[in-house]
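Novice: My questions all concern the structure below.
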Amino acid sequence: MSASDKIKNAAQDVAGRAKEAAGSASDDEELRAEGRKDQTAADVKQRGEHLKDAFKG
């Protein structure tokens, strides 16, 4: 996994956590769900990158 992919995935995860926290603070379920979706997407991408790395080496 390239460093830029790691940074992008981490940034997406952090943004998702921030959205989820903001949604919790403002009692906005839609924002909370969007945050969880962003975190899940980042996790899926990261796992895919790890699988690619495993088959390369």
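The values are calculated or read from the model by the stated rules, or taken from the named source; none is laboratory data. Only a predicted model underlies this, so the values are computations on that prediction, with no experimental measurement involved. Here the Cβ is made from the backbone with ideal geometry for all residues, glycine too, and neighbour counts use every protein chain on show.
Novice: Under 7 Å between Cβ atoms, which residue pairs at least 6 apart in sequence (or on different chains) link something in region 1-22 that is part of a loop (DSSP other than H, G, I, E, B) with a partner that is charged (D, E, K, R) and at pLDDT 95 or above?
Specialist: none
Novice: Within the set of pairs 6+ apart or on separate chains, which have a first residue in region 31-52 that is under 13 Å from residue 6 (Cβ atoms) and of a type in the set (Lys, Arg), a second that is at pLDDT 95 or above and buried (at least 16 other Cβ atoms within 10 Å of the Cβ), and C-beta atoms under 8 Å apart?
Specialist: Going by the 8 Å Cβ cut-off, the qualifying pairs are 45/12.
Novice: When you scan region 27-36, do you find a residue that is surrounded by fewer than 12 Cβ atoms within 10 Å (Cβ to Cβ), assigned to a helix (DSSP H, G or I), at negative phi and within 12 Å of the chain's Cα centre (by Cα), even just one?
Specialist: No, there is no match, as no residue in region 27-36 is surrounded by fewer than 12 Cβ atoms within 10 Å (Cβ to Cβ), assigned to a helix (DSSP H, G or I), at negative phi and within 12 Å of the chain's Cα centre (by Cα).
Novice: Quick one: how many residues across region 37-57 are surrounded by fewer than 15 Cβ atoms within 10 Å (Cβ to Cβ) and assigned to a helix (DSSP H, G or I)?
Specialist: Summing the residues that are surrounded by fewer than 15 Cβ atoms within 10 Å (Cβ to Cβ) and assigned to a helix (DSSP H, G or I) in region 37-57 gives 14.
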